Amino acid sequence: MTFFEELKRRGLVAQTTHEEKIEDLINNKKVAFYIGFDATADSLHVGHFIQLILMKHMQMHGHKPIALLGTATAMIGDPTGKTDMRKMMTVEEIDYNAECFRRQMSRFIDFSDGKAVVVKNGDWLRDMNYITFMRDIGRYFSVNQMLTAECFKSRLEGNGLSFLEFNYMLLQSYDFLHLHRNYDCMLELGGNDQWSNMLGGVDLVRRVEGKEVYAMTSSLLLTKDGRKMGKTEKGALWLDKEKCSVYDFYQYWRNVADDDVINCLKLLTFIPIEEIEEMERTMHGQELNKAKELLAYNLTEMVHGKEEAEKAQNAAKAVFSGAGSDANMPTTVISEDDLENGGIGILNVMVKAGLSASNGEARRLVQQGGVSVNDVKVTDPKTILTINGEVIIKKGKKVFHKIILG
């Protein structure tokens with residue numbers, strides 16, 4: 001099995017500009033390639049994770065990753081998949097986010113001895129003269145062709161597209177040209193939703209330099225019915241444990257649907273593809289729980305380290321086995337100020353713990369029989385809890401949360 005074949009079997013190859021040439025390139029040569037990450041938050045999330053995994057696969061096979069941090073493109077915002085324009089951020093916010101990205105990436109990618117590089121497109125785009133850019137670069141782009149791109153279609157049919165965002169494709173395309181000129185970059189990788197932007201870069205290098213470069217997308221992390229994975233009740237599934245606890249991260253993967261666990265193992269782990277395909281053939285029903293535990297532990301170890309993964313796994317087993325609470329379970333500390341006459345309402349405490357986004361949502365969960373306190377089902381939304389020591393709230397079948405009085 002060749003390296004390219006392995007990537008295809010894992011679902012890490014979706015669309016390619018020149019499949020046979022890319023296959024030869026990554027099987028038989030050592031190339032510099034890049035993946036872009038716009039610095040729009042202070043942590044990477046699971047939506048970025050496939051790209052980090054793909055970058056690591058490529059590096060392990062001798063290729064040189066260029067991690068491009070979008071410190072200029074983040075000032076505009078990619079309209080792809082967005083119904084509204086992104087919130088504008090300051091330069092200081094973006095640069096801080098980029099540094100957070102760089103630190104997180106260094107846990108997955110080996111940047112020592114020139115094996116990989118981190119670059120920021122703000123270094124060449126922020127001070128570029130607009131008139132010069134339009135004369136030198138803008139003339140190569142057809143507005144008619146751009147308007148047919150998938151990344152613009154939904155916006156044009158919905159809330160409209162600002163001219164600011166319309167420039168995004170030109171800037172991302174110029175990134176490829178800059179990296180080709182300065183780093184001999186031959187290949188851009190990215191998620192399937194970036195296909196239109198990536199084609200723009202391939203075409204720009206061909207028109208300006210007369211050189212052939214390539215683009216390849218990977219599958220997005222979707223459920224079997226086509227919904228994006230990585231969203232929790234508290235928002236995105238962040239890789240920073242301050243934004244998403246290690247236990248919550250572990251539990252997310254432990255609780256994936258039966259139909260999705262094998263696909264997640266293929267896309268997100270380095271477990272040999274033959275082993276995963278054997279699981280796909282032989283594991284059914286309750287046996288899939290073993291695959292889910294393997295997935296959850298594997299990803300938590302990669303993101304947070306072995307010690308944290310073991311703590312999360314032990315906490316999950318302790319709670320689910322009925323052995324009681326565990327020190328590593330997600331915990332919310334409430335104070336005396338939160339109490340009224342020595343107690344706190346079930347709806348109030350669920351919102352404080354992040355188990356519900358609002359009192360209304362918490363009320364519906366309680367009335368529908370989806371909430372238990374210390375293994376006793378609560379159906380009255382007016383229930384008042386007395387916190388003596390600790391209380392364990394269970395939401396549904398799989399979400400446990402400890403409440404203590406501090």
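The values are calculated or read from the model by the stated rules, or taken from the named source; none is laboratory data. Just so you know, these numbers come straight off a predicted model, no measurement behind them. When we count neighbours, we look across all protein chains shown, and the Cβ atoms used for this are built from the backbone with ideal geometry, even at glycine.
Listing for the model above:
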item	result
Residue check for Glu19: under 27 Å from Thr148 (Cα atoms), free of Cβ contacts under 8 Å to residues at least 40 places away in the same chain and of a type outside the set (Lys, Arg)	yes
Some residue of the range 266-275 being more than 20 Å from the chain's Cα centre (by Cα) and farther than 24 Å from Met58 by Cβ	no
Hits in the range 97-131 - residues which are under 19 Å from Lys30 (Cβ atoms) and part of a helix (DSSP H, G or I)	Ser112, Asp113, Gly114
Residue match in the range 216-232 (condition: surrounded by 20 or more Cβ atoms within 10 Å (Cβ to Cβ) and part of a helix (DSSP H, G or I))	no
Single unsatisfied condition, Pro272 versus (1) at pLDDT 90 or above; (2) surrounded by fewer than 21 Cβ atoms within 10 Å (Cβ to Cβ); (3) in contact with a Ser or Thr (Cβ under 9 Å, 6 or more places away or on another chain)	(3)
Top-ranked residue of the range 349-361 - restricted to ones that are free of Cβ contacts under 8 Å to residues at least 12 places away in the same chain and not hydroxyl-bearing (Ser, Thr, Tyr), ranked as surrounded by the fewest Cβ atoms within 10 Å (Cβ to Cβ)	Gly360
Flag for Leu204 being surrounded by 19 or more Cβ atoms within 10 Å (Cβ to Cβ), assigned by TED's automatic domain parsing to the domain that holds Val117, part of a helix (DSSP H, G or I) and modelled with pLDDT under 95	no
The range 173-184 residues that are within 14 Å of Val118 (Cβ to Cβ), paired with ones that are of a type in the set (S, T, N, Q) and in a helix (DSSP H, G or I) (beta carbon under 9 Å, 6 or more apart)	Asp175/Thr73
Of residues in the range 132-161 being in a helix (DSSP H, G or I) and among the aliphatic types (A, V, I, L, M), the one modelled with the lowest pLDDT	Leu156
